[in-house]
Amino acid sequence: MSILIDPSIHMWFALLLTGAAIVAFIREKIPIEVTSIAVLTALMLFGQVFPLLGKNGENMVDPYALLAGFSNPSLIAVLALLVMGQAMIQSDALRAVTTLLTFKDKRKSWLSIILILVFVLVVSAFMNNTPLVIIAIPLLQVLANTVGMSQSRVLIPLSYVAILGGMTTLIGSSTNLLVSSTMVELGYDPIGFFDFVIPGSILAIVGFVYVLVFVPRLMPDRATMARDLMGSKKEFVAELDVDDESALLGLVCIDGRFPEFPDLNIKLVQRGGQLILPPFDGYSVEQGDTLIVAATRDTLMAMLSKFPGFLLSEEEAQFIDSKGGEEAGPVSETRNAETRVLAEIMITPASRMIDMSLDHVNFHRQFGTIVLGIQRRAKVVRRRLGRIRLEAGDVLLITGRRAAVDSLRYNPDFIVLSGSKRDLPVPGKAPIAFGVFFVTIALAATGVLSIPVAAVTGSAMMIATGCLNIRQATRAIDRKIFLLVGSMLALGTALQASGGALYIANLIIDLPFTNTPLTMLAALFLLVALATNILSNNACAILFTPISLSLAASLDPALSGGKDLTMIFAYTVIFAANCSFASPIGYQTNLLVMGPGHYRFRDYLRGGVPLVLILWVTYIFIAQFYFGL
């Protein structure tokens, strides 16, 4: 069924859908994948029922046009580069290099920190920066402790440096590739590998100086690893089951706490099939109650030592005590101390545990450890522990035998945030992985192979040489990126075909101070930089690329002085969309360091807003003196 309607309705529908998608991405109440599929479905249904006819009578928003983004070569290249990055992690190739930058002399630890940040800045120009940050987090934690500095002063700089390095080459960030692919979708020439390396390097160097000199001074002195072991103020969600012998039985709650246990903050009580919500004044604990509480690591450690039945069932206690081939039974004090080791682990972005509930993961059967609590983005989750679905960046407080906890260091699903006494391994596949990676980058940079062909070939060689297996490769492919990029490319196609992008561009042109290409670039950069800290950088890049191209096309050629405004405006979107410094949700590496650094949202504002403004001013000078506007 097809019904012809006024073309302007297509424009308003695309703009309305864009606004709804932005709101959904900001609120995060609905998973990104669900929002992406919903946007794509709405576009396809609307385009099928109400076709938008082009000059030749073809439907410009038919399924073939809207679904073309999923076969976009740049999207395939992004996914292949993720596989190559995972191979670098599996082979420990990056860790081998960063270990060389770490001096044994503790007096040179400051120099090691600077060298690792420089290494991340340079290498992130040629590979996905998430693996770099994952490798560097534990190294910088140890180095920060060595120089007596809070790790919160070095981990946000690590994330910022990785983002800065990614804005120098076409493959430095998925954002850059997606801007180029959107241009190709809209009929423009693609961006070259090193086309914006000079302005990108200027921005990266200016940003690096600010990050190195000022950001550590702007960051609060959060708990270091050593102080965290002695008693952190960060709270975890924990679950207490009350049986007929519990010390909690009969206690009365006053102002949300038990006077006998003042460090337990009650969040929720489940009694039978009913939920008891705050306030809890006068609540008396009964047998069979399940209490969802928030408590610090220090409090949970003390409770586990004094009242093990609070946090561990008898079956769980016997399980971890007998792990390793020994029979369950009475445990000596010495062995019990070894068994009840606490550690914090963080869920990585590529973890197969994401979206799985803790009950589903079944930690004590899979890994020989018990989850005592969970902490998410410095917030407490008010829900029964076993029903909480894991997300990237979640920090879990676990207990188990020391060997079981140590074994998690080699599991790609987690980062063990507590220190390890073992030396960093150097697997035999590291040279092979480095060789494949170097050859892939060289072939792409010299133009011998196109970036998609080089990336896919490189990922295939990583698998063929045993740097990672096919299961690890498929896990490295992020479905969020695939669905988000495909649906946003469809939305970009609809905005361009319906005139929505041109409408927004005209609104920017009509602003009183955007009467020259330079002032328009400045306004566009600031707008995109603001949006990228609210949306994801990939969604922001795809949404604003059609708008920027419409802006460039609408300008009087006489104002440009013969310059190619199309490319300059595209570079502006690339640089601005990479300015995801002021929010933990703007970029994946920001979320990665949030848990280990004990950061809060305002910490990103404190360090990121000045950096965005500095890069904005720097780019205005670049546009004026380098691009000649």
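A few notes on this one:
- Of the residues making up region 241-261, not a single one is assigned to a loop (DSSP other than H, G, I, E, B), within 37 Å of the chain's Cα centre (by Cα) and loosely packed, with under 12 Cβ neighbours inside 10 Å.
- Segments classed as helices (runs of 4 or more DSSP H), wholly inside region 113-197, with at least 1 members that are farther than 21 Å from Val485 by Cα and either in contact (Cβ under 8 Å) with a residue 40 or more places away in the chain or in contact with a Phe, Trp or Tyr (Cβ under 7 Å, 6 or more places away or on another chain) (or both): 129-146, 152-165
- If you go through region 81-103 and keep only what is modelled with pLDDT under 75 and of a type in the set (Val, Ile, Thr), you end up with Ile89, Val97, Thr98, Thr99, Thr102.
- Leu164 of a type in the set (A, V, I, L, M) and at pLDDT below 90: no
- Filter pass, Ala343 being at pLDDT below 80, crowded, with 19+ Cβ neighbours inside 10 Å and either part of a loop (DSSP other than H, G, I, E, B) or not hydroxyl-bearing (Ser, Thr, Tyr) (or both): yes
- Selection status of Val120, modelled with pLDDT of 80 or more, surrounded by fewer than 24 Cβ atoms within 10 Å (Cβ to Cβ) and closer than 19 Å to Leu81 by Cβ: no
- For region 43-61, the condition of being exposed (fewer than 14 other Cβ atoms within 10 Å of the Cβ), under 18 Å from Val485 (Cβ atoms) and of a type outside the set (Gly, Ala, Ser) holds for none of the residues.
- Subset of region 372-396 [modelled with pLDDT under 80 and assigned to a strand (DSSP E or B)]: Leu372, Gly373, Gln375, Arg376, Lys379
- Every pair of residues 6+ apart whose Cβ atoms lie under 9 Å, when the first sits in region 582-611 and is on the phi > 0 side of the Ramachandran plot while the second is at pLDDT 75 or above and buried (at least 20 other Cβ atoms within 10 Å of the Cβ): His598/Ser150; His598/Gln151; His598/Ser152
- Scanning region 262-287 for residues being at pLDDT below 75 and touching a helix residue (DSSP H, G or I) at 6+ places or on another chain (Cβ under 9 Å) gives a total of 1.
- Members of region 472-486 found to be buried (at least 21 other Cβ atoms within 10 Å of the Cβ) and in contact with an Asp or Glu (Cβ under 9 Å, 6 or more places away or on another chain), listed by number: Leu484
- Across region 576-629, the qualifying residues are those that are closer than 21 Å to Arg153 by Cβ and small (Gly, Ala, Ser), and the one among them that is surrounded by the most Cβ atoms within 10 Å (Cβ to Cβ) is Ser580.
The values are calculated or read from the model by the stated rules, or taken from the named source; none is laboratory data. For clarity, every value in this text was computed on a predicted model and none was experimentally measured. Note that each Cβ is placed from the backbone with ideal geometry, even for glycine, and that neighbours are counted across all protein chains shown.
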